[in-house]
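Please read the structure below before turning to the comments.
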Amino acid sequence: MTKFYLEGNFAPVRDEATAYDLPVEGAVPDALSGRYLRNGPNPTGGDPGHWFFGEGMLHGVELRGGQATWYRNRYVRTASFEAGRHLVGENGMLDLEVDVANTHVVAHGGRILALVENRAPTEVTRELDTVGTFDFGGRLTTAMTAHPKRCSVTGELHFFGYGVFPPLLTYHRADPAGNLVQSEEITVPGPTMIHDFAITEHSVVFMDLPVVCDPSLLMAKTMPYRWSEDYGARIGVMPRGGSNADVRWFDVEPCYVFHVLNAAEPRPGYLEIDVARYPHLWRDLQDAFEPTTLHRWAVDVAAGTVKEETLDDRSVEFPRVDERRVGRPARFGYAVHTRPGRDGFAMETALVKYDLVSGAIEEHAFGPGRTPGEGVFVPASDRAGEDDGYVLAYVYDAARDGSDLVILDASDFGASPVATVALPQRVPFGFHGSWVGDAEL
Ligand SMILES: [Fe+2]
């Protein structure tokens, strides 16, 4: 059976294209001046072994002056890519030196960085050409998560690296200019897969969940992690600026979480951490994904308790908030309605908007056969309110086997799109992206 990640709009595209002055239906808001960039796996040859193993390709659209001025897609040309190496080597072993750089793309300190969690970042230009590995001037000695968190108040970038071998988990903090100013090894009992984490106003939150490295899988041509029935599940809360000795660990119900929607600490020592939660992951098969629900961990640090609550029963993934609200109370969140299953992972044809204060949930359905990827919120201006802006997503249209960049009004989420930019080729379903405004660079 063909693997799900090689079929339909998960299948890779072959060409690296450049197109200018793209056709627009509707009107691109003048407020949008910058570029929407998104990363994802685009395997260069055959079956790479897992959805997560394809070589990273960036797809970008620049918006300026009410126009969609260009579209580009480019491989992230890491050293291993240029050498033609794949994550599963010719001997069938996982090659942990290979850098597929396929998961996210963010801007910090004037640089655009393509990220994958088992390697250092790769810097690319605003036109998506690869500059090379960026290891913070040699100071970053671990891998870097694909989900760093920038504090909008201090401008600092908080992140971590995890590994199969010690150090298993290391916390890092970079200043607004991109200088690495703190690295702290964090003690965890075993080599778990740690995809994301969270920050709040006062704290950093780590997730140590029971998807554990199994060395017998290093030859299995798939992800070398599987569900553990006895590892347990815990979240660690560290004061910002603290160290390993300051981390408080709290047991939670066993589960897996790839992605945090947001976390906040409305009063010191009380944290609300909202996540897309899998009841378990890769218990039997590394291509199986259970339905994922929005879930809240409410942590009372002094009492040593965690209260758990499911906020919505529909399956969602790729949760995002307004980047200015990361680590602070956020009213609105966005996610892709999904349909995971035993044989893979699928997107539904709608984006979901959560009002976390009122509990209201809206969907934007793109119509039959029109399937969105992750939605990224872009404020209408620096001072705009939390709901005053746009949600950008690539939408695949099965009828024409092509893709659009769709711009929704975040405050009128169910309405017809503000603008639909027709792209010159299909954009495969991928992982994560960012709006990189002109002021970022
Ligand atoms: Fe992710």
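The values are calculated or read from the model by the stated rules, or taken from the named source; none is laboratory data. What you are looking at is a predicted structure, and each value in this text was computed from that prediction instead of being measured. Counting neighbours? That spans all protein chains shown, and the Cβs are built from the backbone with ideal geometry, glycine included. The area values use the complete protein model at the heavy-atom level, side chains included, leaving out ligands, DNA and RNA. Shrake-Rupley method; radii C 1.70, N 1.55, O 1.52, S 1.80 Å.
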Along region 221-229, what does the Karplus equation 6.51 cos²θ - 1.76 cosθ + 1.60 (θ = phi - 60°) give for ³J(HN,Hα), rounded to whole Hz, x for Gly and Pro? 6, 8, 4, x, 10, 8, 4, 10, 6
Counting only protein heavy atoms, what percent of the accessible surface of region 4-440 is carbon or sulfur at a 1.4 Å probe? 47
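Sorting R85, R324 by accessible area (1.4 Å probe), largest first, what list results?
On the way: R85 100, R324 60 Å².
Descending accessible area places them as R85, R324.
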Within-15-Å neighbourhood charge of G84 [Cβ basis; K, R +1; D, E -1]: -4
Along the dipole axis of region 78-128 (charges at Cβ: +1 for Lys and Arg, -1 for Asp and Glu; origin at the Cα centre), the most positive-end residue among V88, A120, V100 is A120
With a ≥ b ≥ c from the Cα gyration tensor eigenvalues, square-rooted, and the rule rounded for a/c under 1.5, otherwise prolate when a/b > b/c and oblate otherwise, region 115-181 is oblate
Assign one of three labels to region 133-265, namely rounded, prolate or oblate, based on the Cα gyration tensor with a ≥ b ≥ c the square roots of its eigenvalues; rounded applies when a/c is under 1.5, prolate when it is not and a/b is larger than b/c, and oblate otherwise. oblate
Express in whole angstrom the spacing between the alpha-carbon centres of region 50-94 and region 383-426. 23
Please list, in order along region 259-274, the HN-Hα scalar couplings obtained from phi with the Karplus expression 6.51 cos²θ - 1.76 cosθ + 1.60 (θ = phi - 60°), rounded to whole Hz, x for Gly and Pro. 10, 8, 6, 5, 9, 8, 10, x, 9, x, x, 10, 10, 10, 10, 9
What residues qualify as long-range amide H neighbours of F431, i.e. H under 5 Å apart, gap of 5 or more or another chain, H built at 1.01 Å from N? N39, G40
Within a Gaussian network of the chain (alpha carbon springs, distance under 10 Å), most fluctuating of R119, R370, R400: R400
Under 10 Å, Cα contacts only: if you run a Gaussian network model on the chain, which one of G138, G414, G92 comes out with the highest mean-square fluctuation? G138
Compute the Cα gyration tensor for region 350-441, then decide on rounded, prolate or oblate, letting a ≥ b ≥ c be the square roots of its eigenvalues: rounded whenever a/c is under 1.5, prolate when a/b is larger than b/c in the other cases, and oblate in all that remain. oblate
Please give the per residue accessible area of the chain, computed with a probe of 1.4 Å over protein heavy atoms only, in Å². 37
In what sequence, largest accessible area first, do T78, T293 appear using a 1.4 Å probe? T293, T78
Hey, what do the phi angles of region 42-48 turn into as Karplus ³J(HN,Hα) couplings, whole Hz, using 6.51/-1.76/1.60 and θ = phi - 60°, x for Gly and Pro? 9, x, 7, x, x, 8, x
If contacts are Cα pairs under 8 angstrom and at least 6 residues apart, what is the relative contact order of region 272-323 in percent? 34
